[in-house]
Amino acid sequence: MGRVKRNKEEIAEDYCFACKDGGHLRVCDFKSCLKAYHPQCVGKESSFLETDEQWNCGWHSCFICKRSSFVQCFCCPSSVCRKCIGEVEFVQAKKKTKGFCNNCLRLTILIEKNVDVDSDGGKVDFKDSETYEFLFKDYWAIVKDKEHLSLTDLQVANALLKGDVLSCKSEKEKRRKVKAPIKRCKSKKKTYVGWGSEELIGFLSSIGKDTKEPITQLDASEIVKDYIQSNNLLHTNKKKKNVICDESLLSLFRRKK
Ligand SMILES: [Zn+2]
Ligand SMILES: [Zn+2]
Ligand SMILES: [Zn+2]
Ligand SMILES: [Zn+2]
């Protein structure tokens, strides 16, 4: 036990997964989790660094109901279980068990697009070294590289998050989505047609997919990605990858790229 723990500490991350800053960190005890935290960032005293108390980080229990998590945010300790994912602003991306909370997705998209004002007009300062966003930007560079994530993955995830394809709940219930427990985020109202957003259903039918049966977020994400690839809509220049929106995609992403 002691040896395993020490080995893990040697390979664990050097930045606090909550605030993204360095310092004296406590490594999560969950199996192979290499996330590390400042005691104060997880509501503990500094003596927590020395205790042998078994402790699992937020990545392993749903932030809503505390049951075992199913999807973990790539960029922060938020995670949700299978049951709650339909209730919150959380989306799978690239893998079944990884994704983004709405806050991290918003920040990563801003960084990748190299802008500092989001679609709702909220300004984010990535240059002020005193801010969380500044540290987040560095942390994202590491995650992005390690997980091979691209702007396309983010945009697909964003379209899915806004479209909400997973839950088959009534209109009213959909509007009452719970956000990940992190500050300031607004989302636009959507019109739902059956199981998904008007935009998603419209997109799927425009490319000849059967939209009678609901599909999962991951399936939808694969379809959108295949579409982008097979139609050569991924535009790569030296610095960025950009998806060129044709008429079908435009309705989904809501703007010209
Ligand atoms: Zn911290
Ligand atoms: Zn952990
Ligand atoms: Zn849950
Ligand atoms: Zn997150």
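No value in this document is a laboratory result; all are computed from the given coordinates. Quick caveat: nothing in here was measured; it's all calculated off a predicted structure. All Cβ positions, glycine included, derive from the backbone under ideal geometry; neighbour counts span all protein chains shown.
Enumerate the amide H contacts of Cys16 below 5 Å, restricted to partners 5 or more residues apart or on another chain; note that Pro and chain-start residues carry no placed amide H.
Asp21, Gly22
How would you classify the range 29-117 from its alpha-carbon gyration tensor, with a ≥ b ≥ c the square roots of the eigenvalues: rounded for a/c under 1.5, else prolate if a/b is greater than b/c, otherwise oblate? The partial results should precede the final answer.
On the way: a/c = 2.29, a/b = 1.42, b/c = 1.61.
Since a/c reaches 1.5 but b/c is at least a/b, the shape of the range 29-117 is classed as oblate.
HN-Hα J couplings of the range 66-72 from phi, Karplus 6.51/-1.76/1.60, θ = phi - 60°, integer Hz, Gly and Pro as x?
6, 6, 3, 7, 10, 10, 10
Once you list every other residue whose beta carbon is under 15 Å from the beta carbon of Glu130, what net charge do they have if Lys and Arg are +1 and Asp and Glu are -1? Provide the component values of the computation, followed by the final result.
Values: positive: Lys20, Lys127, Lys137; negative: Asp21, Asp125, Asp128, Glu133, Asp138.
Summing Lys/Arg as +1 and Asp/Glu as -1 gives -2.
In whole Hz, with x marking every Gly and Pro, tabulate ³J(HN,Hα) for the range 116-128 from phi via Karplus 6.51 cos²θ - 1.76 cosθ + 1.60, θ = phi - 60°.
Along the range 116-128, the couplings run 10, 10, 7, 5, 9, x, x, 9, 10, 9, 8, 9, 7 Hz.
Going by a ≥ b ≥ c, the root eigenvalues of the Cα gyration tensor, does the range 2-55 fall in the rounded group (a/c under 1.5), the prolate group (a/b larger than b/c) or the oblate group? Walk me through the intermediate numbers first.
Details: a/c = 1.81, a/b = 1.22, b/c = 1.48.
In terms of gyration-tensor shape, oblate.
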